[in-house]
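Structure first, then comments.
Please treat every number below as a calculation from the coordinates, not as lab data. Source: prediction; values computed, not measured. Positions of Cβ are backbone-derived with ideal geometry, glycine not excepted, and every protein chain shown enters the neighbour counts.
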């Protein structure tokens, strides 16, 4: 039996809504966060660039798998299971 | 224009002075239906720095979930500058990601000798535009 790749819900922040035609919640599939982001970019071209830089998650984009900041659970290698949900929130940050 | 009560102006200043010389940061939220600021939520500056601020990532997730549950929005996102003017820096503008929020800056720099400097800006697509502040 083929292993199915989970498709999960992703919450999109205000500044990325132009990529999803205003949809605040979209779906993408992947067995790791890296695959999920790649699929998200296929469905909503340009999104990958907003999330990644030099193949890593951008420093000032926070990504949460369920209730965990993905930086603490393997970043792009974090495994995705069916029923998970992903939340993307740009960091609120700045400096003088 | 930002319309805000004196009570919130005082609360933001009290937070900024308490955290000085580190930058203080937080939000004032309000009902999505009115956009009027009604609830002050001081946030932890995860950077704990006199020249940088960043909302703690877990505190921020909880904040956004609460906003969704309560049908509220971020009306004001504030932070303090502790040795410079209350004007958005290049990094403030580069990282600003809430085009619908009022970005409030206060300064606690010594030259002000305890006087308030409270300014509000819209930051959209890399451009900061100052707006009038009406204190109620």
Ranking A:29, B:33 by Cβ neighbours within 10 Å, fewest first, what do you get? B:33, A:29
Pairwise FRET efficiency - residue B:124 versus residue A:82, Cβ, R0 = 35 Å, nearest 0.05: 0.40
Enumerate the residues in the range B:95-122 having an amide nitrogen under 17 Å from the point lying 7 Å beyond the Cα of residue A:53 toward its Cβ. B:95-98
Which percentage, to the nearest 5, of the DSSP beta bridges contained in the protein assembly as shown is antiparallel? 75 percent
For the residue A:72, residue B:111 Cβ pair and Förster radius 41 Å, calculated FRET efficiency rounded to 0.05 is 0.50
For helix A:33-43, what angle does its Cα long axis make with the longest principal axis of chain A, in degrees from 0 to 90 and rounded to 10? 80 degrees
Note down the relative contact order for the range A:27-90 as a percent, whole number, built from C-alpha pairs under 8 angstrom at least six residues apart. 34 percent
Other chains near B:50-56: what is the mean number of their Cβ atoms within 10 Å of each residue's Cβ? 4
Rounded to a whole number of µm²/s, how large is the Stokes-Einstein D of the range B:2-135 at 10 °C and 1.306 mPa s, given Rh as the Kirkwood radius over C-alpha pairs? 107 µm²/s
Euclidean distance of C-alpha centroids, the range B:11-84 and the range A:34-96, integer Å: 23 Å
Can you tell me the relative contact order of chain B? Whole percent, Cα pairs under 8 Å, sequence separation 6 or more. 26 percent
Sorted by Cβ density within 10 Å, fewest first, the residues B:69, A:69, B:100: B:69, B:100, A:69
How compact and how long is the range A:27-90, expressed as Rg and Dmax of its alpha-carbon atoms in Å? 10.6, 29
Starting from the Cα of residue B:38, step 7 Å along the direction of its Cβ; do the same at residue B:58; then give the gap between the two resulting points in nm. 3.0 nm
Taking B:78, A:64 and counting other beta carbon atoms within 10 angstrom, the fewest-first order is A:64, B:78
Using only the alpha-carbon atoms, how far is helix B:6-19 inclined from the longest principal axis of chain B? Give it as 0 to 90 degrees, nearest 10. 60 degrees
Based on DSSP, what percent of beta bridges with both residues in the range B:1-113 are antiparallel, to the nearest 5? 70 percent
Between 0 and 90 degrees, rounded to the nearest ten: what's the tilt of helix B:57-70 against the longest Cα principal axis of chain B? 40 degrees
